[in-house]
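Scroll down for the structure; my scribbles are underneath it.
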Amino acid sequence: MQIEKDFELSQVLWFQIGGKARYFLRCMNRNDIFAALDFVEAHHPQRIFICGQGSNLLFTDDYFDGVVIQIGTGSKPQISFSDTRATAFAGETLDSLIQLSLNNSLTGLEWAGGLPGTVGAGIRGNVGAFGGEIKDNLLQAEVLEFDDKNIDVLEMKNEDFHFAYRQSIVKERKNMIVTAAQFQLTPANRETLVKARSMYASHIDYRKTHHPLEYPNCGSVFKNIKKHEEVAKIIAVWPEIQQLVYEKWHGKVAMGYINNRLGFSGYTIGKARVSEKHGNFINNLGGATAHDVLTIIKHIQDMVSETFAIIPEVEVEIVQ
């Protein structure tokens, strides 16, 4: 475990925005995570936050008077296979898990091609794309539940996570850490494997083409509109999008489309700008502050509320 004091969070977060943290702990394996929790017990910080690569986080510019624990991985992969099951350390990247699974002729996760982030963070936020979600393949996971005095090691089944759209009990409780997870995959013959690899590659290409990867960002800023009553309100105002909703957007309304149609493409506050390439991304043009980004988010929410009488939820996790 590596310990750094008064650490600039903008150095590790994808958005390159954020103030200093009193302590920043880097964990590269299961033992490191236990050591980090021992550190927390010894120092009694006011606040604790656990993250992976920080690809969907926005820390404010204020001082984080507490401990940030980052769970990553070292040079040697911590992923193993048994029949059709894959077990991965929480700090492993989703991409490493997908590639090694395909190398073992196992499919099921290729929909996540190009998604940034780690296994643990993916479970915590029930990451998803192109109609797939990580909950669809998760069998079980080891989770540490901690408080000021105790650490409980839990073996949690899929149903124990209470998964919802970009949500889980781990994200809700904030005193839980996923250390490892086991996934149920599907054995593939040559033809199926070729199709899976093609999907994986095409989703990576899609992100390169349609997402503004040339700028620091936090991924999708808003959750797509999923609740039936909210989808109905939007269709009532824009009836011509009904076919898109059910044939392209898997029953949801894409926030990128909404933002573009409401005129937010290129909308800029300070050094933060709504991407012209994808309307649900906010780019850091260089030196953007959390205040810049939060101001844009508020303006979008106000306009969506005025137009449809709904307030879109943020997908990026905001740490204030």
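What are the pairs with Cβ atoms under 6 angstrom where one residue, in the stretch 99-121, is under 19 Å from Val170 (Cβ atoms) and the other, located anywhere, is of a type in the set (Ser, Thr, Tyr) and open to solvent by 10 Å² or more (accessible area, probe 1.4 Å)? Sequence gap at least six, or different chains.
Pro116/Ser55; Gly117/Ser55; Thr118/Thr93
May I ask you to verify whether Asp32 is at pLDDT 95 or above, over 21 Å from Val143 (Cβ atoms) and open to solvent by 10 Å² or more (accessible area, probe 1.4 Å)?
The answer is no for Asp32.
Can you pull out the residues in the stretch 60-76 that are closer than 14 Å to Ala35 by Cα and either among the aliphatic types (A, V, I, L, M) or modelled with pLDDT under 95 (or both)?
Val67, Val68, Ile69, Ile71, listed by residue number.
Give the stretch 94-116 a look and list any residue that's surrounded by fewer than 23 Cβ atoms within 10 Å (Cβ to Cβ) and either among the hydrophobic types (A, V, I, L, M, F, W, C) or within 15 Å of the chain's Cα centre (by Cα) (or both), or say none.
Asp95, Leu100, Leu102, Trp111, Gly114, Pro116
Taking interchain pairs and intrachain pairs at least six residues apart, which have beta carbon atoms under 8 angstrom, with the first residue in the stretch 144-162 and under 20 Å from Ala121 (Cβ atoms) and in contact (Cβ under 8 Å) with a residue 40 or more places away in the chain and the second β-branched (Val, Ile, Thr) and open to solvent by less than 90 Å² (accessible area, probe 1.4 Å)?
Hits for this filter: Leu144/Ile33; Leu144/Ile151; Leu144/Val153; Leu144/Ile177; Leu144/Thr179; Phe146/Val40; Phe146/Ile177.
Before we move on, is Ala129 surrounded by fewer than 21 Cβ atoms within 10 Å (Cβ to Cβ) and out of contact with any Cys (no Cβ under 9 Å at 6 or more places or on another chain)? Even if it seems obvious, please write down each step before you answer.
Details: surrounded by fewer than 21 Cβ atoms within 10 Å (Cβ to Cβ): yes; out of contact with any Cys (no Cβ under 9 Å at 6 or more places or on another chain): yes.
Taking the combined requirement at face value, the residue satisfies it.
Do we find a residue being touching a strand residue (DSSP E or B) at 6+ places or on another chain (Cβ under 8 Å), without any contact (Cβ under 8 Å) to a residue 60 or more places away in the chain and closer than 20 Å to Met28 by Cα anywhere in the stretch 133-141?
yes
Return a yes/no flag: does the stretch 53-73 have any residue that is touching a strand residue (DSSP E or B) at 6+ places or on another chain (Cβ under 7 Å), farther than 23 Å from Ile17 by Cα, crowded, with 23+ Cβ neighbours inside 10 Å and in contact (Cβ under 8 Å) with a residue 24 or more places away in the chain.
Taking every residue of the stretch 53-73 in turn, none turns out to be touching a strand residue (DSSP E or B) at 6+ places or on another chain (Cβ under 7 Å), farther than 23 Å from Ile17 by Cα, crowded, with 23+ Cβ neighbours inside 10 Å and in contact (Cβ under 8 Å) with a residue 24 or more places away in the chain.
Could you tell me whether the stretch 240-259 includes any residue that is aromatic (Phe, Trp, Tyr) and under 20 Å from Arg207 (Cβ atoms)?
Yes: the stretch 240-259 contains one or more residues that are aromatic (Phe, Trp, Tyr) and under 20 Å from Arg207 (Cβ atoms).
Just checking, does the stretch 40-60 include any residue being closer than 30 Å to Ile297 by Cα, basic (Lys, Arg) and assigned to a strand (DSSP E or B)?
Checked against the condition, which is being closer than 30 Å to Ile297 by Cα, basic (Lys, Arg) and assigned to a strand (DSSP E or B), the stretch 40-60 yields no hits at all.
Test Ile71 against the criterion of being of a type in the set (A, V, I, L, M) and within 30 Å of Asn103 (Cα to Cα), and give yes or no.
Yes: the conditions hold for Ile71.
Which pairs do you get when a residue that is within 18 Å of Ile296 (Cβ to Cβ), found in the stretch 248-264, comes within reach of a residue that is open to solvent by 10 Å² or more (accessible area, probe 1.4 Å) and assigned to a helix (DSSP H, G or I), reach meaning Cβ atoms under 6 angstrom, with the pair 6+ apart or on two chains?
Pairs found: Leu262/Met303.
Any residue that is open to solvent by 70 Å² or more (accessible area, probe 1.4 Å), over 25 Å from Val293 (Cα atoms), free of Cβ contacts under 8 Å to residues at least 40 places away in the same chain and not aliphatic (A, V, I, L, M) - is there at least one of those in the stretch 9-27?
No, because not a single residue in the stretch 9-27 is open to solvent by 70 Å² or more (accessible area, probe 1.4 Å), over 25 Å from Val293 (Cα atoms), free of Cβ contacts under 8 Å to residues at least 40 places away in the same chain and not aliphatic (A, V, I, L, M).
I need the helices (runs of 4 or more DSSP H) fully contained in the stretch 228-316, keeping only those with at least 2 residues that are open to solvent by less than 10 Å² (accessible area, probe 1.4 Å). I'd like the intermediate steps shown before the answer.
Values: elements: 228-237, 242-247, 255-261, 290-308.
The qualifying helices (runs of 4 or more DSSP H) are 228-237, 255-261, 290-308.
When you go through Asn126, Asn137, Asn104 one by one, which is the residue that is more than 29 Å from Trp249 (Cβ to Cβ) and either among the charged types (D, E, K, R) or modelled with pLDDT of 95 or more (or both)?
Answer to the selection: Asn104.
Looking at (1) under 30 Å from Leu213 (Cα atoms); (2) among the aromatic types (Phe, Trp, Tyr); (3) open to solvent by 20 Å² or more (accessible area, probe 1.4 Å), can you tell me which one Phe89 breaks?
Here Phe89 meets the rest and fails (3).
So which residues in the stretch 139-189 are surrounded by 15 or more Cβ atoms within 10 Å (Cβ to Cβ) and among the basic types (Lys, Arg)?
Of everything in the stretch 139-189, those that are surrounded by 15 or more Cβ atoms within 10 Å (Cβ to Cβ) and among the basic types (Lys, Arg) turn out to be Arg166, Lys171.
Which one is modelled with the lowest pLDDT among residues in the stretch 192-227 that are aromatic (Phe, Trp, Tyr) and open to solvent by 40 Å² or more (accessible area, probe 1.4 Å)?
Filtering first and then ranking leaves Tyr206.
The values are calculated or read from the model by the stated rules, or taken from the named source; none is laboratory data. Note that this is a predicted model, so its numbers are computed, not measured. Cβ coordinates were reconstructed from backbone atoms using ideal geometry, including for glycine residues, and neighbour counts include every protein chain displayed. Note: accessible area is taken over every heavy atom of the protein model, side chains too, but ligands, DNA and RNA are not part of it. Shrake-Rupley method; radii C 1.70, N 1.55, O 1.52, S 1.80 Å.
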